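Colleague: This structure is in structure tokens; I'll ask about it shortly.
The values are calculated or read from the model by the stated rules, or taken from the named source; none is laboratory data. Not measured: the values here are computed from a predicted model. All Cβ positions, glycine included, derive from the backbone under ideal geometry; neighbour counts span all protein chains shown.
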């Protein structure tokens with residue numbers, strides 16, 4: 001902090017509580033000036049003296065410590081694990097597009113949905129799309145009480161201790177802020193801060209981070225909040241969660257008010273499009289860019305043409321911005337219109353993420369390696385001369401299959417053009433030097449599996465060659481890695497390297513073997529202490545309570561993803577019915593086509609799936625039964641919104657409604673049919689009452705389904 005004036009309090013001694021309140025307010029103000037506005041008023045030393053005085057005061061008077069004290073930013077003792085907490089309102093994802101022309105299509109969809117209610121020109125709100133970690137902050141009574149990751153959209157992880165260490169995030173809002181104020185945003189690292197962090201990692205002999213997003217996500221997921229406190233994390237707010245006691249007319253009003261209340265954002269411009277572009281060009285071209293929020297990068301746009309112009313301009317200056325972005329977000333500005341448009345599946349109809357085309361670079365193809373996946377698929381991987389693409393060093397890229405290699409005529413030693421598809425997955429686009437003069441030979445996939453030496457086969461009509469040996473070590477390892485993944489059985493602490501070791505040492509050879517592991521077996525492995533080994537066994541034990549959908553997905557049946565697994569679990573009441581399913585029963589499930597049904601039937605008739613389910617049950621995995629819909633479709637076509645605390649888990653209620661033909665919405669609008677309201681229902685209840693939506697309690701919902709209360 002550079003010093004322009006000192007605000008250190010002088011005068012007669014004060015009562016400890018009065019002095020504590022004064023120090024908290026003063027340090028919070030300087031945190032906001034320095035970390036949010038980049039306008040420090042005192043030197044680093046003067047700031048440190050204030051913090052030291054606060055810490056001494058709290059050490060002498062522990063009763064003064066409170067949640068919004070700056071002392072809470074230094075981190076606390078490590079947690080055993082992050083608690084899982086349900087979002088009051090789901091954190092949905094946006095539909096992505098990769099072309100400026102898609103903005104016109106988005107506008108056309110909005111107009112079609114609004115019909116005769118569509119205004120002559122729709123006002124959109126445009127802002128950069130951050131490449132970071134999505135986060136929700138919960139302020140109750142003005143105090144930050146909880147911070148949750150997105151998780152699966154319905155349930156996130158409680159990372160409050162780590163978020164409190166981010167100095168640009170206020171621990172307390174002004175008195176005029178709503179009594180319940182949930183805001184969503186992105187945790188990021190600025191480019192300069194990321195470079196300094198990697199320099200420090202290298203100097204400390206630690207591994208460097210691949211990109212700012214990984215560094216931010218890795219910092220927030222540290223169980224020891226002191227690590228997060230040591231890293232220069234930032235957060236930018238861009239969306240609401242549940243808000244009670246205050247209403248906003250538009251997205252632009254919401255983001256402006258967030259800044260007024262001290263919440264960090266990118267700032268909203270009121271300028272004309274021409275003045276906006278001119279100012280930003282001057283600011284970004286001056287060498288030393290202003291603080292991110294002073295760039296005022298967000299603005300409203302009249303119609304799709306101004307939104308397109310915004311997209312193109314931000315794309316041109318993205319490399320000059322102080323943080324990484326991978327596109328722009330375009331939202332209908334009016335919140336009333338947003339409510340009218342509502343949601344489709346897991347995305348709002350009123351917003352789109354217009355992503356930038358992938359960034360490209362040229363490098364040398366050093367080698368083509370072959371990996372074996374959990375389905376036995378052989379995937380060629382390009383080993384590249386490391387090259388920077390879009391701020392990330394890339395050394396590997398997928399080549400998909402033999403047909404793709406042949407189509408692009410890729411050969412070892414070629415100069416190739418690579419890009420990050422969606423700015424995430426590296427891929428080889430084309431050969432840059434096609435005139436090789438016969439110096440290289442075409443690449444051919446091996447006829448034998450590189451892991452187990454079994455014969456490789458390419459089924460008729462498929463592009464992928466496969467190893468069909470179920471005991472192939474590579475297939476076994478990848479199958480277990482899928483089984484323990486977060487969206488499958490969610491066994492935390494069981495990483496890829498440990499799985500490889502467990503298989504190589506002969507301790508496991510299939511997923512169900514995990515549930516027979518003993519402490520002494522894990523301790524026999526290198527670098528395994530008793531505490532970490534016991535934590536792993538505890539995580540395995542926690543996963544014994546599972547539902548059929550998770551187990552079906554975890555077993556990795558070909559073509560069966562999460563959605564299909566849920567449909568199967570809804571169609572069959574228990575594992576016995578699932579294992580006995582016929583071709584006719586499988587084909588009758590709405591989202592299962594012929595190819596998926598055939599794959600399922602083949603799996604169910606084989607030994608692996610049947611054997612694993614029975615083995616899991618014998619080893620103590622308890623599968624929760626789901627009720628069948630019975631084909632009654634008692635809720636067919638009805639649009640539900642769920643709010644408040646109910647007797648059953650929310651995901652179970654959603655599944656039941658969907659099984660009976662109902663539809664789930666994320667927020668109340670005039671198109672909602674029923675609000676299912678439990679205890680402590682908040683703003684959704686008020687909105688439903690305002691719109692005259694039918695409100696139903698749990699008992700009435702049970703009566704609707706004809707079930708005992």
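Colleague: Is one or more of the residues making up segment 73-95 buried (at least 18 other Cβ atoms within 10 Å of the Cβ), at pLDDT below 75 and out of contact with any strand residue (DSSP E or B) (no Cβ under 9 Å at 6 or more places or on another chain)?
Modeller: Yes - at least one qualifying residue is present in segment 73-95.
Colleague: Continuing with the same structure: Would you check which residues across segment 579-597 are in a helix (DSSP H, G or I) and at pLDDT below 85 and list them?
Modeller: Within segment 579-597, 594, 595 meet the criteria.
Colleague: Another question about this same structure. Applying the selection to segment 452-469, what residues are on the phi < 0 side of the Ramachandran plot, in a loop (DSSP other than H, G, I, E, B) and modelled with pLDDT under 95?
Modeller: Within segment 452-469, the subset on the phi < 0 side of the Ramachandran plot is 452, 454-460, 462-469.
The next check asks that each one be in a loop (DSSP other than H, G, I, E, B); those that pass are 452, 454, 458-460, 462-465, 468-469.
Correct list: 458, 459, 460, 462, 463, 464, 465, 468, 469.
Colleague: Mind listing whichever residues of segment 658-697 are in contact with a helix residue (DSSP H, G or I) (Cβ under 9 Å, 6 or more places away or on another chain), part of a helix (DSSP H, G or I) and crowded, with 18+ Cβ neighbours inside 10 Å?
Modeller: Listed by number, the residues that qualify are 659, 687.
Colleague: Which number in (1) in a loop (DSSP other than H, G, I, E, B); (2) within 19 Å of residue 619 (Cβ to Cβ); (3) within 25 Å of the chain's Cα centre (by Cα) marks the one condition that residue 536 misses?
Modeller: The one condition residue 536 does not meet is (1).
Colleague: Just to be sure I understand, how many residues within segment 549-578 are in contact with a strand residue (DSSP E or B) (Cβ under 9 Å, 6 or more places away or on another chain), over 22 Å from residue 477 (Cβ atoms) and at pLDDT 90 or above?
Modeller: Summing the residues that are in contact with a strand residue (DSSP E or B) (Cβ under 9 Å, 6 or more places away or on another chain), over 22 Å from residue 477 (Cβ atoms) and at pLDDT 90 or above in segment 549-578 gives 1.
Colleague: When segment 511-540 is examined, which residues are found to be at pLDDT below 95 and within 29 Å of residue 567 (Cβ to Cβ)?
Modeller: Listed by number, the list holds a single entry, 539.
Colleague: Test residue 264 against the stated conditions and say whether it is surrounded by 15 or more Cβ atoms within 10 Å (Cβ to Cβ), in contact with a strand residue (DSSP E or B) (Cβ under 9 Å, 6 or more places away or on another chain) and either modelled with pLDDT of 95 or more or part of a loop (DSSP other than H, G, I, E, B) (or both).
Modeller: Criteria met by residue 264.
Colleague: Could I ask something else about it? Which residue, of 173, 259, 180, 223, is over 18 Å from residue 131 (Cβ atoms) and without any contact (Cβ under 8 Å) to a residue 60 or more places away in the chain?
Modeller: Selected residue: 259, the only one of 173, 259, 180, 223 that is over 18 Å from residue 131 (Cβ atoms) and without any contact (Cβ under 8 Å) to a residue 60 or more places away in the chain.
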